[in-house]
Amino acid sequence: MTDSPSRFNQPLGGNEMPRFGGPATMMRLPTQPTAQGLDAAFIGVPLDIGTSNRPGARLGPRQIRDESRMLRPYNMATRAAPFDSIQVADIGDVPINTFNLQKSVDIIEAFYDEVLSHGTRPLTLGGDHTIVLPILRAMKRKYGKVGLIHVDAHADINEHMFGEAIAHGTPFRRAVEEGLLDGERVAQIGLRGTGYAADDFDWSREQGFRVVTAEECWHKSLTPLMEEVRAKIGDGPVYISFDIDGLDPAYAPGTGTAEIAGLTVPQGLEIIRGAWGLDIVGGDLVEVAPPYDTSGNTALVGANLLYEMLCILPGVQRRS
Ligand SMILES: NC(=[NH2+])NCCC[C@H](N)C(=O)O
Ligand SMILES: [Mn+2]
Ligand SMILES: [Mn+2]
């Protein structure tokens, strides 16, 4: 059966070009210089000068794109058909200034203002978690305050790091201070490890966040939790920020601030799939550090999670 040619961009097929060949874009999709005409865009932010331990996330976008060559167009678990439904492309990387974090934040913010001006929903390949702050600033100008589904081992609500307000451990405190988030519509899932004080997670709770520690997730499906999260998030715009270190280091070793006893990959999939039906305005997958990812499997997991975010975007049909 020969399908009529789609009016939407298609990833280059694994039987058209060997998976180890072809363009080095996300899912080997077409590329274009801006988000004009796109419903969704994959964007790389190759920044890691906000990291506090292992470096390397600057190489995350390139590695996630490389490992995304294994992805096929249809989601066999949810029957989502993103490339039959919406227009998607890879619009490349944000030209950050790797010698100046503040200037990079400004560059990222301006880049996402332009992307959002087209009504496009960005799916971002990080880079370290600092990048979510400028993205959320742009989101506020487009949508007003947004809800947040945040997967992470860390709350990333530090007051500062070495006295600096901007780093990968501070973005969500800055976001609350700047009025970018609707605290009552925020869930942080996977928090764990050691802290600077016993009440480190309480600041999130004081903002109205639903804090789900890793211990609360152990040994169970997260599908029931996502029913609660969907009810909390409601109908308003919501952003997904997925720090790959929310997963256990056994499944995602290639990351900069690994913490033991994290989420499984199936639980990560349940979280994203459980957001189906929400008004997802964008998402990111951050903190993949290829120099510590000798097998490439951390980047492979990241690529799959970004694909799952694509599959739950508004407008993406599911095949009956
Ligand atoms: N996005 C991240 N990986 N954040 C890591 C922050 C680490 C932790 N908050 C610390 O201060 O040590
Ligand atoms: Mn983290
Ligand atoms: Mn983080």
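Computed from the coordinates by the stated procedures, all read-outs in this text should not be read as laboratory data. Keep in mind the model is a prediction, meaning the values are calculated, not measured. Glycine also receives a Cβ, built like all others from the backbone with ideal geometry; neighbour counts cover every protein chain displayed.
Taking square-rooted eigenvalues a ≥ b ≥ c of the alpha carbon gyration tensor, is the range 194-240 rounded, prolate or oblate, where a/c under 1.5 means rounded and, failing that, a/b exceeding b/c means prolate? Judged from the Cα gyration tensor, the range 194-240 comes out oblate (a/c at least 1.5, b/c at or above a/b). Each residue of the range 216-231 is assigned a 3J(HN,Hα), and the resulting list reads 6, 9, 4, 6, 8, 5, 9, 4, x, 4, 5, 5, 5, 5, 4, 5 Hz, derived from the Karplus form 6.51 cos²θ - 1.76 cosθ + 1.60 (θ = phi - 60°), x at Gly and Pro. Angle between the Cα long axis of helix 101-117 and the longest principal axis of the chain, 0 to 90 degrees, nearest 10? Tilt relative to the chain: about 50 degrees. Please report the antiparallel percentage of the DSSP beta bridges confined to the range 126-229, to the nearest 5. Bridges in the range 126-229 that DSSP calls antiparallel: roughly 10 percent.
Counting 0.36 nm for each residue step from N297 to Q36 and taking away their Cα separation leaves a gain of 90.7 nm. All C-alpha pair distances within the chain, sorted into 20 Å bins from zero, spread as 36, 60, 5, 0 percent across the bins. Lys-Lys pairs in the chain that are eight or more residues apart or on separate chains and whose Cα atoms lie under 30 Å of each other come to 7.
The C-alpha atoms of the range 165-287 occupy a region whose extents along the principal axes are 35, 34, 24 Å, arranged from largest to smallest. Summarising the strand pairing of the chain, around 10 percent of its internal DSSP beta bridges are antiparallel. Peptides 15-24, 79-88, ordered by how many other C-beta atoms sit within 10 Å of their residues on average, highest first, read 79-88, 15-24. P(r) tail, the range 44-146: Cα-Cα pairs separated by more than 18 Å, 54% of all pairs.
Under a model in which nothing but the beta-carbon of Lys, Arg (+1) and Asp, Glu (-1) is charged, the chain shows a dipole of about 980 debye around its Cα centre. Helical content of the chain, expressed as a calculated mean residue ellipticity at 222 nm, amounts to -8000 deg cm²/dmol (DSSP H runs of 4 or more residues, -39,500 (n - 2.57) each, divided by residue number, nearest 500).
Helix 132-143 axis versus longest C-alpha principal axis of the chain: approximately 70°, rounded to the nearest ten.
Taking 0.692 mPa s as the viscosity and 37 °C as the temperature, the Stokes-Einstein diffusion coefficient of the range 266-320 based on its alpha-carbon Kirkwood radius rounds to 265 µm²/s.
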